[in-house]
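What follows is one structure encoded as structure tokens, with my remarks underneath.
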Amino acid sequence: MRKKWMRKALSISLALAMSVGIFAGCAEASDGSGKDSLKVALTEEPDYLSTCDHDSLMGVQMNLLTYNGLIRIDMETLAPVCDLAESYTQDSDTEWTFILKEGVKFHNGDELTADDVVASIEYAKTFEASATYTAGMEKVEAVDGKTVKITTNGPQPNLLYDLAYHYNLILPKSLIDEGNDFSANPIGTGPYKFVEWNKGNDILFEANEEYFDEERKASIKNLDFVIIPEGSTRDMALESGQVDFVYSVDSADIERLQNTEGIEVEQIVSVENFFLYLNCVTTEFEDTNLRLAIAYALNREDIVLGALNGYGTPSYSTVSMGYPESTDENAYTYDLDKANEYLAAWGGDPSTVTLDIICSNSTKVAIATIIQAYLSQIGINVTINEMDSASYQAAMMTTDLTSAIVSWSPANAMTYVNRFNSERRNNTPACWASDKLDEMTSEMRVNMDEASRSQQITDIIAEANAECVFVPLYQVNYFRGHNADLKNVVCSATGYVDFCTMSWG
């Protein structure tokens with residue numbers, strides 16, 4: 001399996017080298033900067049370019065190029081700010097009014113109106129997976145051509161964050177009505193226009209010259225995202241000049257690239273929490289004691305050291321540290337005695353348990369290999385199943401898988417703990433759900449008092465730890481590598497990169 005995968009990585013690298021050679025003559029810019037294109041190496045390929053068919057980081061990263069929402073999350077502050085909305089008012093606990101910016105056009109030439117906003121949110125509601133971010137909006141109506149009123153079914157303190165989430169990005173009503181495939185033909189108002197998707201190889205975009213936000217208008221005309229899953233292959237492509245930006249520097253190469261002339265490595269302290277997701281519906285892992293046994297059997301320090309070369313922080317809580325509401329109450333340590341106590345409480349025979357971990361990249365395989373060694377100490381057999389991103393994402397939408405290495409990185413803790421509600425099964429049907437967490441998250445969602453809501457979030461995290469919703473592993477630091485001539489590089493703690501702010505200088 002591993003040799004086959006390496007041959008695939010090599011073939012991708014060779015294909016990349018050929019493509020760079022073909023297009024090298026197209027890089028001269030008319031403004032004298034020397035380049036009008038940026039070639040970016042991604043760790044994996046997005047499954048969709050549409051807004052509602054996925055819930056993956058790479059998919060959202062592509063969405064941010066072509067679409068906008070009423071609200072966006074500022075990548076530096078993680079605060080919600082106006083995007084397509086010029087302004088908004090909260091008229092009561094359940095009524096919000098949004099005034100749209102003038103002169104905004106979709107890539108197909110349609111002018112943005114309130115009808116597009118209404119149609120987009122109603123369209124998102126047709127996808128069950130959007131419920132966490134759309135169900136609270138009871139009514140969305142166009143007051144006039146540039147005014148939208150949203151009435152919620154109760155107080156919704158997280159509404160602005162929900163509106164910034166990818167499900168609620170705005171599409172042209174005319175294309176929704178026509179049944180447009182927004183993955184094959186992603187039409188929004190965003191800073192870049194989609195050009196071409198060569199599946200398995202690259203995705204091309206060009207700057208939107210009519211973008212409505214002059215301060216965020218793209219400086220680099222052409223973006224080319226090439227798919228290079230293997231870490232060292234990505235880094236070699238950066239060193240040789242085949243790519244300009246590496247979305248994730250392999251941990252083994254960080255120190256070398258930091259000391260390489262002409263290359264800069266951005267280090268960003270993230271809120272992204274990697275964890276072992278377990279099927280809690282159709283496998284033995286529906287038993288909380290068995291999940292807790294696994295949580296206490298893992299040495300997270302060894303995972304960070306062995307799989308990440310020390311570039312990460314062990315994670316003991318279901319929600320990453322760094323939010324105001326973060327807590328390590330009921331969190332896990334490496335304790336084999338406790339692991340065996342929980343195995344005894346479970347009452348089954350661990351030798352009959354097989355934990356099959358699906359992985360979508362080489363880093364996850366390395367993590368799974370260390371998990372395999374540690375769980376063998378309590379008699380649980382682990383198998384590792386490496387697959388491409390599309391197959392991995394498809395498996396996550398079923399109850400057929402056993403486990404997976406997954407991560408979340410929302411902009412605020414409330415968005416994070418909302419996923420502990422059973423609604424999450426609309427998107428990941430095998431996840432853990434409980435009446436107590438449903439009750440706690442439902443109460444939190446309608447609490448407009450910030451101080452008491454913050455305490456509720458902390459209490460939910462503590463309860464999620466007690467129930468072992470999943471097994472936390474580590475909190476990652478992002479390392480983005482790029483050509484040193486690339487300026488104004490903004491990387492978010494949630495995992496996204498702001499490509500429209502970049503420039504060659």
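None of the figures in this text is laboratory data; all of them are computed from the coordinates on show. Remember, it's a predicted structure, so these values are computed and weren't measured experimentally. Note that we place each Cβ from the backbone using ideal geometry, even for glycine, and neighbour counts take in every protein chain shown.
Length available on full extension from Ala484 to Thr151: 0.36 nm per residue minus the Cα-Cα distance, which gives 115.1 nm.
Taken along the Cα-to-beta-carbon direction at a fixed 7 Å, the label points for Glu138 and Glu301 span 5.4 nm.
Shape analysis of region 68-178 yields a ratio of the Cα radius of gyration to the Kirkwood radius, Rg/Rh, of 0.93.
Hydropathy at least 0.0 by Kyte-Doolittle, axial extent at least 30 angstrom from the Cα trace: which helices of the chain, defined as entire DSSP H runs, fit?
Span-like helices in the chain: 2-23.
In this calculation the C-beta distance from Asp349 to Ala252 is compared with R0 = 51 Å, giving a FRET efficiency of 0.85.
The slack between Lys217 and Asn259, meaning 0.36 nm per residue of separation minus the straight C-alpha distance, is 11.9 nm. Pairs of Cα atoms nearer than 8 Å and 6+ residues apart set the relative contact order; for the chain it is 21 percent.
Computed on the Cα atoms alone, the convex hull of region 271-477 gives a volume of 108 cubic angstrom per residue. Here the chain has an Rg and Dmax of 22.9, 71 Å, counting Cα atoms alone.
When shorter helices are ignored and each DSSP H run of at least 4 residues is given -39500 (n - 2.57), the per-residue value for the chain at 222 nm works out to -9500 deg cm²/dmol. Rounded to the nearest whole angstrom, the semi-axes of the ellipsoid equivalent to region 419-485, taken from the Cα gyration tensor as √(5λ), stand at 29, 18, 13, largest first. Which residue, chosen from Ser232, Met137, Ser251, occupies the Cα position most advanced towards the positive end of the dipole of the chain, where the dipole is computed from +1 (Lys, Arg) and -1 (Asp, Glu) charges on Cβ about the Cα centre? Checked the options; the winner is Ser232. Here the extension length gained between Asn108 and Glu450 equals 119.0 nm, from 0.36 nm per residue of separation less the Cα-Cα distance. Here the calculated FRET efficiency for Asp337 and Lys199, from their Cβ-Cβ distance with R0 = 60 Å, stands at 0.75, rounded to the nearest 0.05. Restricting to bridges with both residues inside the chain, how much of the DSSP beta-bridge set is antiparallel, in percent to the nearest 5? DSSP beta bridges in the chain are roughly 75 percent antiparallel. Taken over region 286-396, the percentage of Cα pairs per 5 Å bin, counting from 0 up to the bin with the maximum distance, is 2, 12, 18, 20, 21, 17, 8, 2, 0. Taking the Cα centre of each part, how many Å lie between region 382-459 and region 44-77? So the two Cα centres are separated by 18 Å. Ordering 132-144, 464-476 by mean Cβ neighbour count within 10 Å, with the highest value first, yields 464-476, 132-144.
Show me 215-225, 89-99 ranked by packing, highest mean number of other Cβ atoms within 10 Å first.
Values: 215-225: 19.2, 89-99: 15.0.
Top of the packing list down: 215-225, 89-99.
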